[in-house]
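Quick notes on the structure that follows.
No lab work stands behind these numbers, since they all come straight from the coordinates. Worth saying up front: this structure is predicted, and the values here are computed from it rather than measured. Note: ideal-geometry Cβ built from the backbone for every residue, glycine included; neighbour counts use all protein chains shown.
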Amino acid sequence: LTLRRRNGIPFSVTTQTSSPPLGTVAAATQLATPYICVDRDLLWENLDQLAAYAEQHGLKLRPHAKTHKSRQIAQWQLERGAIGLTVAKPSEAEVFAEICDDLLLAYPIVDAARAERVARLVQRVDMKVAVDSAFAVATLSRAAAAAGSTLGVLVDLDVGLHRTGVQNASAALELAQLVERSPHVELRGLFCYPGHIWEPAAAQESALNAVAEQLEATLDLWKEHGLNAEIVSGGSTPTAYQSHLARHFTEIRPGTYPFNDMNTVLGGYMALDRCAARIVVTVVSDAVPGQVVIDAGSKTLAADRCILGPDLGFGHVVEYPDARITKLSEEHGQVDVSRCAARPAIGERVSVIPNHICPCVNLQDRVWLKVADDQYEPLTVDARGRLT
Ligand SMILES: Cc1ncc(COP(=O)(O)O)c(C=O)c1O
């Protein structure tokens, strides 16, 4: 209870939570929309299937935690044999360092403050960072020296996405040699992200073969110069079950696979019924003919369009597959229901599979795990908003 004063008159404000507090089991009707519902059995199935694939092919699994940002889900990945985790930023690394002693930071670190945070984690964690510049190597080396630690380094090679990564084998050699000469950093291997490969799984062989050839050229050159890559890190969700075709990968870093989303479905990487996360929303208006409005806009569904397949709008409405979420404002989602034989009624709850689940999870303090019929447990999004 808080006392505040408005126009000189004291009044009381009760702090209300919109959903039941952590530690409770709730029924669906007790949960305020919009909320993310995660089917725990499906999630476990997704984790089990990829863990089995990785084991079968002798690949280590280092899932990217940026998708779920949850220590509990990371624990489930580690219990199923993941050797460690991937993170995007130092603040995310700090969250996961509490439960995992083997982290890879898959992001350029080029400022002293971030490098210091990473270097401090070495006391608890086998910490590795992917780099693509001499600037990053110097920054990490200085920070690790100041912390009295040694940071592991992977050289990032651009294999086709053209986002980060040195551009060829000789540039990778030059950077690796610089790492070898620099104090307080240790060359641990090679890194790439095949995020340009969006073909259906059955058509990925030649693209993954091209990745393998680029890795091979680099690894051969390193070997000629006496350098060894203990780790060759790659992987994504679209290529997850074809990762063995990249041949030289020792480990893979898929992120989206615990949940899946419409991009995963439309790319043909996983069936719709393997999407473990849905956003439950309420229809709040049907005033405009041919349209309903849901209580989820860009602050819930994020604004990503479908990368693959026809543009189906801002997510798939599970109960009304002919509906199209055509426009988002921050808190309103406009849904074209003109093609639906039956239309959702005002006040009705429906569930949406978003185009891209990762930013949606980052917009919630918690997700609700479906643990049994109409029983939901809260799960904190521990690294929510950890963007630094
Ligand atoms: C460097 C890096 N590695 C791994 C991943 C995981 O890929 P996906 O989201 O396809 O699971 C990402 C995703 O953005 C990434 O940027």
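What to note about this one:
- The single residue among Gln56, Gln49 that is in contact with a Phe, Trp or Tyr (Cβ under 9 Å, 6 or more places away or on another chain) and free of Cβ contacts under 8 Å to residues at least 12 places away in the same chain turns out to be Gln49.
- Any hit, the stretch 152-164, residues being surrounded by 22 or more Cβ atoms within 10 Å (Cβ to Cβ), among the acidic types (Asp, Glu) and within 22 Å of Arg253 (Cα to Cα): yes
- Within the set Ala203, Ala207, Ala217, Ala229, the sole residue that is hydrophobic (A, V, I, L, M, F, W, C) and in contact with a Phe, Trp or Tyr (Cβ under 8 Å, 6 or more places away or on another chain) turns out to be Ala229.
- Which numbered condition Pro354 misses (of (1) in contact (Cβ under 8 Å) with a residue 24 or more places away in the chain; (2) farther than 10 Å from Leu301 by Cα; (3) touching a Lys or Arg at 6+ places or on another chain (Cβ under 9 Å); (4) not small (Gly, Ala, Ser)): (2)
- Complete set of residues in the stretch 225-239 that are surrounded by fewer than 24 Cβ atoms within 10 Å (Cβ to Cβ), under 20 Å from Ser206 (Cα atoms) and small (Gly, Ala, Ser): Ser236
- Test result for Ala112, in contact (Cβ under 8 Å) with a residue 12 or more places away in the chain and crowded, with 16+ Cβ neighbours inside 10 Å: no
- Inspection of the stretch 262-278 identifies no residue that is touching a residue at least 60 places away in the same chain (Cβ under 8 Å), of a type in the set (D, E, K, R), within 25 Å of Asp311 (Cβ to Cβ) and within 11 Å of the ligand (Cβ to nearest atom).
A quick yes/no check of all residues on (1) more than 19 Å from Ile252 (Cα to Cα); (2) surrounded by fewer than 22 Cβ atoms within 10 Å (Cβ to Cβ); (3) within 16 Å of the ligand (Cβ to nearest atom); (4) not aromatic (Phe, Trp, Tyr):
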residue: Arg117; (1), (2), (3), (4): yes, yes, no, yes
residue: Ala145; (1), (2), (3), (4): yes, yes, no, yes
residue: Ala169; (1), (2), (3), (4): yes, yes, no, yes
residue: Ala172; (1), (2), (3), (4): yes, no, no, yes
residue: Pro183; (1), (2), (3), (4): yes, yes, no, yes
residue: Glu199; (1), (2), (3), (4): no, yes, yes, yes
residue: Ala202; (1), (2), (3), (4): no, yes, no, yes
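- The stretch 91-102 - residue that is more than 15 Å from the ligand (Cβ to nearest atom) and part of a helix (DSSP H, G or I) and, of those, farthest from Arg384 (Cα to Cα): Glu94
- Residues of the stretch 354-385 classified as more than 23 Å from Glu331 (Cα to Cα) and of a type in the set (D, E, K, R), total: 5
- Residue list for the stretch 47-88, filter: surrounded by fewer than 20 Cβ atoms within 10 Å (Cβ to Cβ) and within 12 Å of the ligand (Cβ to nearest atom): Ala88
- Summed over the stretch 341-361, residues that are in contact with a strand residue (DSSP E or B) (Cβ under 9 Å, 6 or more places away or on another chain) and away from the ligand (no atom under 16 Å from the Cβ) total 10.
- Selection within the stretch 279-301: residues that are touching a residue at least 60 places away in the same chain (Cβ under 8 Å), in a strand (DSSP E or B) and out of contact with any His (no Cβ under 9 Å at 6 or more places or on another chain). The member of this set that is nearest to the ligand (Cβ to nearest atom) is Ile279.
- Flag for Val129 being farther than 26 Å from Ala276 by Cβ and in contact with a helix residue (DSSP H, G or I) (Cβ under 7 Å, 6 or more places away or on another chain): yes
- The stretch 214-248 - residue that is part of a helix (DSSP H, G or I) and within 25 Å of the chain's Cα centre (by Cα) and, of those, nearest to Val155 (Cα to Cα): Leu215
- Taking the listed residues Asp382, Asp322, Asp304, the one that is part of a loop (DSSP other than H, G, I, E, B) and free of Cβ contacts under 8 Å to residues at least 24 places away in the same chain is Asp322, with no other qualifying.
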